[in-house]
Amino acid sequence: MIYRLPEISDKSILQEYMQEHYDNKENSVSASLGLPASEYTDWVEKIQRNSLVGDEQWGKSLLYLCFDNNKLIGLLSIRYELPENLTKIYGDIGYGVRPSERNKGYATTMLHYALSVCKEKGMDNVLLGCYKDNLASAATIKKSGGMLVNENDNYKEGRVSQYYSIKL
Ligand SMILES: CC(C)(COP(=O)(O)OP(=O)(O)OC[C@H]1O[C@@H](n2cnc3c(N)ncnc32)[C@H](O)[C@@H]1OP(=O)(O)O)[C@@H](O)C(=O)NCCC(=O)NCCS
């Protein structure tokens, strides 16, 4: 797969990517960092700024578009400087795969890549969160060595959040 930051010229492929989620009755797009509610150029600038200088609260982070055979398959958010209080809520890594490309091993490949980036950045452990009822994400994390370390009731939708630790 090819992983790269978004560019101004990616507008239409990202619109199409989001539309596929809406067409599948998903009203949120994982790891999109607020794209649906943002002006596109501002969003690209924010992502590029996050990778270069970082955000005051979130530190430096990467938001990669993940391609296979020139098709945008998924989004991958790697928050390798996240302060501990935010890690405990959001986790260090986030990802999503477009509905038509799920169950083909892409999330597993993307997480594997994210873990290699985190290791390269000097981390020796990452924390990932997912809802307990998100069986696909939990399976992806467990396959990559994730060990359940915490579980709590999430204020959102009354769903239970689980947190997994992965040693790098
Ligand atoms: C979670 C998600 C990223 C998984 O992507 P994917 O590319 O389909 O995952 P993979 O193909 O790599 O599969 C990983 C594991 O999940 C399992 N899996 C996939 N879909 C599943 C489902 N609906 N129910 C249970 N397990 C599932 C696979 O079988 C595989 O495990 P296995 O190898 O032990 O069989 C994808 O479903 C998605 O984008 N969901 C919406 C966004 C989201 O939930 N993001 C994560 C937030 S924490």
Members of segment 17-59 found to be within 16 Å of the ligand (Cβ to nearest atom), in contact with a Leu (Cβ under 9 Å, 6 or more places away or on another chain), in a helix (DSSP H, G or I) and touching a residue at least 40 places away in the same chain (Cβ under 8 Å), listed by number: 17
Residues of segment 32-69 satisfying the condition of being surrounded by 15 or more Cβ atoms within 10 Å (Cβ to Cβ), within 14 Å of the chain's Cα centre (by Cα), more than 18 Å from residue 12 (Cβ to Cβ) and not hydrophobic (A, V, I, L, M, F, W, C): 61, 64
Enumerated helices (runs of 4 or more DSSP H) restricted to segment 76-168, each holding at least 1 residues that are within 9 Å of the ligand (Cβ to nearest atom) and under 15 Å from the mean Cα position of the chain (by Cα): 106-120, 135-143
Selected residue [of a type in the set (Ser, Thr, Tyr) and either over 27 Å from residue 142 (Cα atoms) or surrounded by 15 or more Cβ atoms within 10 Å (Cβ to Cβ) (or both)] from 77, 116, 28, 100: 77
Filter result (touching a helix residue (DSSP H, G or I) at 6+ places or on another chain (Cβ under 9 Å) and either of a type in the set (Asp, Glu) or closer than 16 Å to residue 50 by Cα (or both)) within segment 5-20: 5, 6, 7, 8, 10, 20
Within segment 111-159, considering residues that are in contact with a strand residue (DSSP E or B) (Cβ under 6 Å, 6 or more places away or on another chain) and of a type in the set (Val, Ile, Thr), the one farthest from residue 3 (Cα to Cα): 149
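Residues are listed down the side, and each one gets a yes or a no for (1) at pLDDT below 95; (2) surrounded by fewer than 15 Cβ atoms within 10 Å (Cβ to Cβ):
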{"position": "123", "(1), (2)": "no, no"}
{"position": "129", "(1), (2)": "no, no"}
{"position": "135", "(1), (2)": "no, yes"}
{"position": "161", "(1), (2)": "yes, no"}
{"position": "165", "(1), (2)": "no, no"}
Matching residues, segment 60-70, being within 25 Å of residue 16 (Cβ to Cβ), free of Cβ contacts under 8 Å to residues at least 40 places away in the same chain and in contact with a helix residue (DSSP H, G or I) (Cβ under 8 Å, 6 or more places away or on another chain): 61
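The values are calculated or read from the model by the stated rules, or taken from the named source; none is laboratory data. What you are looking at is a predicted structure, and each value in this text was computed from that prediction instead of being measured. Ideal geometry is used to build each Cβ from the backbone, glycine not excepted, and the neighbour counts take in all protein chains shown.
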